[in-house]
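Written out below as structure tokens is the structure these notes cover.
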Amino acid sequence: MSKMPQSLNLPADKIAYSVTWRSSLLGIGLTLLVAIFTPFNDYVVHNTYFIGNNLPMSAIFCILLLSLVVNPLLGPRRFRRGEMIVAFSMMLIASALPSSGLYRYLYSILADSVYQAGQNSSFIPFIHALPSWMLASKNPHSWVLRDFYLGFSDHSRHSYWDALQAWALPVVTWACFLLGMFGAIIFFCLIMRKQWVQRERLPYPLATIPLELLADPEPGRRINALWRSPLLWIAAAITFCIDLYNGSLLFPMFHNLPPIPTTYNLSKDFSQFPWNSIVGAIQRNSIYFSVVGVTFFIPLEISFSIWFFFLAYNFGYVFLVDSGSNANIYTMITWQSPGMYAAYFIITLWVVRRHIRDVFISTIRFLPREPDEFLPYWVSTWGFLLCVAIATAFLAFAGLNWWCGLLVVDLLLFYCMMLTRVIAEAGLLMVDFSSGPFHALQLLFSSNPSALSIRQWMVARLSMANLWTDQRENLMPFASDVLRMGSEVQPHRKVRYVTLLLGSLVLCFVVAGTVNMLLSYKYGASTFNGYSAVGFPYNTVESAIHAAQPNTASTSPLTHLLYVIEGAVAMTAVAGSRLLFADSPFHPIALLFLNSYAMDVFWFSVFIGWLLKAVILRWGGVELYKKARPFFFGLIIGESIAYVFWMFIGFFVGWPSGVQFWLLPG
């Protein structure tokens, strides 16, 4: 009763329009919007991120424009539901590349890490160990890196064309690895679609929410019932007005007005020992209306587990501090996480064993495509293996042993799979983990880090950093969501649908990459974002240096091992409770991102969404739940309107003293 409808499929006559020339052109236009506008908006204007999370508010606003402005004007020639699904899906999958998903970090890693070697002599042997074709230059003082970092000066002797030529070789070679990984991700999602959508029936809230907003209107109507709901517009108006008012307080003329409170601060109440050891995210936090809205559409046991485990873990740490322990909470979760991930991997293998068997049989027998699938399993499987081989070959050519290159690729895919499962079940706008694939690689070689050379550690670190840094715009969750949405496309159009998705991805890869490069040389990458331009490249090389050295951590390897075992036991216990007790309120998915940045910023909003849904179901039952749903759609719509409004204010008017109003975490 607490889940959204699992299937939103319509009769064939209702979805006759999907992959058409109109939907293709609209999708290409939205893809170009994402590829061109996102870098300028995020880096030059320093605005609220145009994408920023797994359900971009800008994309929701595009749905609003299509449903309420474009389609009513077009009348009988309006875009049909299937056409809008195709166009929206193309926009969504392209959203993985222009900013945090790839290009916010790719060029900075390859350029600024070398540029900083001029001031950090410890970097030089690690930079020089890399193949020259992986970098634009190994000389920290070259114009290629200087002008990338600082921008072209008025007296520069070089042009944009010179810069593009200097970067041609590293971009083309890295494209082999990146496109290989992207292909592996798409094919993996195609292989797992049936297991996740039909067998496990994952809720996919971030896919089903747009599908409901894109529903066709009833006969004789121009707008569907959801958009006509007064509750939706009441919630949207409340949300927009609060965000409009609070944002306006940044301007001098409104400085003296009191804000509408959307935050709490209990820092004074947590100032005494041992309470002062609790994380700041519990002492103070904010409400994000769109997160509250999305939380209403996920199962209660998941939303409960998200906030409950977060609080339980942190208050448990306070108990440890009070008892005299000197354990560090971040060290604990960093080492407990791999144990949780390993246990989750084993559990996942057990759950999907029958599906993997079916895929294997279909592959070796070259069986035809099933009606609900986008491609035959043998095509998806061989495509997946080919793409993995391409990515592995790149790493081997760069200096890794083939088995180590395959390990790097597998770790990246496994972490992306966990991230995708979390988003498909929990529907959080942003998810990140306490430790990543490079930490897992370090753990595997912790007893003998010299088994890998300096060059090998650097190649592994750079390749992982390019695909696993800021998980708010990771490709695999986007791909999984658009394939869930593509379930609405009629069977004979599914191959074309996948072709459009792949084309949109490649188009955005080329256009967004070019735009990012040109903007870097025009304005200087150092002016874009302090972390991505300076802090992250520095930390990337530092982590490779640390990994190549013998373990000098203050905590012993035995302590680390105990933490890993604790994590594995915790994951097994929570997962086992769901198998033994049908009414268990705990869900193991919440342990995967315990004490991460996403939990810090979103736990309180998830708690509010859970509480409202629990009260409504407890006192009003299913009927009241159905009646209340438009209100929570309205919270998402209202925030998307305010999101775009303030984005345009920053773009055309500017912010006073360079201070921006961020509706969602930066």
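Data for the structure
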{"quantity": "Output for the stretch 442-454, where each listed residue is in a helix (DSSP H, G or I) and farther than 19 Å from residue 536 by Cα", "calculated": "443, 444, 449, 450, 451, 454"}
{"quantity": "Residues satisfying the stated conditions in the stretch 407-437, i.e. crowded, with 22+ Cβ neighbours inside 10 Å, outside any helix (DSSP H, G or I) and of a type in the set (S, T, N, Q)", "calculated": "434"}
{"quantity": "Residue match in the stretch 155-173 (condition: surrounded by fewer than 22 Cβ atoms within 10 Å (Cβ to Cβ), under 26 Å from residue 381 (Cα atoms) and in contact (Cβ under 8 Å) with a residue 60 or more places away in the chain)", "calculated": "yes"}
{"quantity": "Test for residue 144: is it surrounded by fewer than 16 Cβ atoms within 10 Å (Cβ to Cβ), within 32 Å of the chain's Cα centre (by Cα), modelled with pLDDT of 90 or more and not in a loop (DSSP other than H, G, I, E, B)", "calculated": "no"}
{"quantity": "In the stretch 474-491, the residues that are surrounded by fewer than 20 Cβ atoms within 10 Å (Cβ to Cβ) and within 16 Å of residue 24 (Cβ to Cβ)", "calculated": "490"}
{"quantity": "Unique match (being among the small types (Gly, Ala, Ser), crowded, with 21+ Cβ neighbours inside 10 Å and closer than 27 Å to residue 310 by Cα) among 638, 634, 609", "calculated": "609"}
{"quantity": "Test result for residue 605, over 24 Å from the mean Cα position of the chain (by Cα), among the polar types (S, T, N, Q) and under 19 Å from residue 298 (Cβ atoms)", "calculated": "no"}
{"quantity": "Residue among 562, 664, 617, 611 that alone is aliphatic (A, V, I, L, M) and not in a helix (DSSP H, G or I)", "calculated": "664"}
{"quantity": "Condition broken by residue 331, with the remaining ones in (1) surrounded by fewer than 19 Cβ atoms within 10 Å (Cβ to Cβ); (2) of a type in the set (Val, Ile, Thr); (3) closer than 29 Å to residue 572 by Cβ; (4) at pLDDT 95 or above satisfied", "calculated": "(4)"}
{"quantity": "Out of 321, 292, sole residue that is touching a Ser or Thr at 6+ places or on another chain (Cβ under 7 Å) and at pLDDT below 95", "calculated": "321"}
{"quantity": "Qualifying positions in the stretch 598-620 - touching a residue at least 60 places away in the same chain (Cβ under 8 Å) and either more than 25 Å from residue 347 (Cβ to Cβ) or in contact with a strand residue (DSSP E or B) (Cβ under 8 Å, 6 or more places away or on another chain) (or both)", "calculated": "600, 601, 603, 604, 605, 607, 608, 609, 612, 613, 614, 617"}
{"quantity": "Inter-residue pairs, beta-carbon under 7 Å, first within 22 Å of residue 600 (Cβ to Cβ) and in the stretch 252-278, second among the hydrophobic types (A, V, I, L, M, F, W, C) and part of a loop (DSSP other than H, G, I, E, B), 6+ apart", "calculated": "259/249; 262/287; 270/278"}
{"quantity": "Which numbered condition residue 298 fails, given (1) farther than 25 Å from residue 617 by Cα; (2) aliphatic (A, V, I, L, M); (3) part of a loop (DSSP other than H, G, I, E, B); (4) within 25 Å of the chain's Cα centre (by Cα)", "calculated": "(1)"}
{"quantity": "Residue 457 surrounded by fewer than 19 Cβ atoms within 10 Å (Cβ to Cβ), among the hydrophobic types (A, V, I, L, M, F, W, C) and farther than 27 Å from residue 591 by Cα", "calculated": "no"}
{"quantity": "Qualifying residues in the stretch 637-657 (those that are in a helix (DSSP H, G or I) and β-branched (Val, Ile, Thr)) - the one nearest to residue 291 (Cα to Cα)", "calculated": "637"}
{"quantity": "Wholly enclosed helices (runs of 4 or more DSSP H) of the stretch 18-81 bearing at least 2 residues buried (at least 20 other Cβ atoms within 10 Å of the Cβ) and modelled with pLDDT of 95 or more", "calculated": "21-39, 57-65"}
{"quantity": "Any chance residue 535 is surrounded by fewer than 17 Cβ atoms within 10 Å (Cβ to Cβ), within 28 Å of residue 113 (Cα to Cα) and out of contact with any strand residue (DSSP E or B) (no Cβ under 7 Å at 6 or more places or on another chain)", "calculated": "yes"}
{"quantity": "Qualifying positions in the stretch 119-139 - aliphatic (A, V, I, L, M), closer than 21 Å to residue 535 by Cβ and over 31 Å from the mean Cα position of the chain (by Cα)", "calculated": "124"}
{"quantity": "Neighbours by Cβ (under 8 Å, 6+ apart or cross-chain): first from the stretch 556-585, within 19 Å of residue 330 (Cβ to Cβ); second assigned to a loop (DSSP other than H, G, I, E, B)", "calculated": "557/446; 557/447; 557/551; 560/446; 560/553"}
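Rundown of residues vs (1) surrounded by 19 or more Cβ atoms within 10 Å (Cβ to Cβ); (2) among the β-branched types (Val, Ile, Thr), yes/no style:
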position	(1), (2)
503	no, no
506	no, yes
509	yes, no
517	yes, no
525	yes, no
546	no, no
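The values are calculated or read from the model by the stated rules, or taken from the named source; none is laboratory data. Predicted model only: the values in this text are computed from it and were never measured. All Cβ positions, even for glycine, are placed from backbone atoms using ideal geometry, and neighbour counts span all protein chains on display.
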